[in-house]
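**Student:** This is the structure, below, for whatever I ask next.
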């Protein structure tokens, strides 16, 4: 077996922001799949619908564009039409540590073209976020207490506000999952690395949204909050899109990460 055949390559794309982010995915992802020789693509889609939420039609648009699994976070509930859709078998997740009675599911098994199973787990932090069940306890139960062990390849989107909580999760899961990729803050961090026991980690992969903005939103709708403490309604910015993602290569047998590289592309939309 060649080195390439023994490994899988997964691209994890940061929070997709509004129409510019969607257009950038549709424009760039088909070429990226070929250029990077990808086996799988995971993307966070909670900010797709005008910057807050996700609808069934927009989810289908992204899945058609080449995304295999959509993850999310606290904004997944902003569009009520997504609730019933989350209860279908479509590969769209909400954080697993929401109560069991919430619509949808927090993890799934995706199969690569050759049938290889890959687990994708969506968790959400609690510091400065909703007071959900502990993502650490939930992860332990899923990894250690499942009736059937999860496949060796395991990717975690940890949607979380603060880097210390993300960092703690990375170390907590080191050697037990293939990757822990942070989302939510929309700003990429410079700490991508493979931890000692084989888990690829980055505190935040960043966003796929307008570059000339404040985390994807127009300056004139954000700055008044800081300058005058006035309530404003954020609006998605326009212009070139910064596509931020993490390319993770892993051993198919052990599930251990071999490398993690930050991918950054500027896409004209």
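**Student:** Over the alpha-carbon set of the stretch 135-259, work out the extent along each principal axis and list the three values in angstrom, largest first.
**Tutor:** Principal extents (Cα only, largest first): 51, 29, 23 Å.
**Student:** Still on this structure, I have one more. Mind checking Rg over Rh on the stretch 16-118, alpha carbons, Kirkwood formula for Rh?
**Tutor:** 0.97
**Student:** So what is the diffusion coefficient of the stretch 75-224 in µm² per second by Stokes-Einstein at 4 °C and 1.567 mPa s, using a Kirkwood Rh over Cα pairs?
**Tutor:** In µm²/s, the coefficient rounds to 78.
**Student:** Ranking request for peptides 124-137, 157-170: highest mean number of other beta-carbon atoms within 10 Å first, then the rest in descending order.
**Tutor:** Packing proxy ranking, top to bottom: 157-170, 124-137.
**Student:** Now for a different question. If you average the sequence gap of Cα pairs under 8 Å that are 6 or more apart and divide by the length of the chain, what percent do you get for the contact order?
**Tutor:** Dividing the mean separation by the residue count of the chain yields 19 percent.
**Student:** Label 7 Å along Cα→Cβ of residue 229; the stretch 125-159 residues with amide nitrogen under 15 Å?
**Tutor:** Of the residues in the stretch 125-159, none has backbone N under 15 Å from the label point off residue 229.
**Student:** Semi-axes, largest first, in whole Å: what does sqrt of 5 times each Cα gyration tensor eigenvalue give for the stretch 7-267?
**Tutor:** One finds semi-axes of 27, 20, 18 Å for the stretch 7-267.
**Student:** A further question follows. Across the stretch 138-204, how large is the tail of the calculated P(r) beyond 14 Å, expressed as a percent of all Cα pairs?
**Tutor:** The calculated P(r) of the stretch 138-204 puts 55 percent of pairs beyond 14 Å.
Only the coordinates and a few stated rules stand behind these numbers; no lab work does. For clarity, every value in this text was computed on a predicted model and none was experimentally measured. No Cβ is skipped: glycine too gets one built from the backbone with ideal geometry, and neighbour counts run over all protein chains shown.
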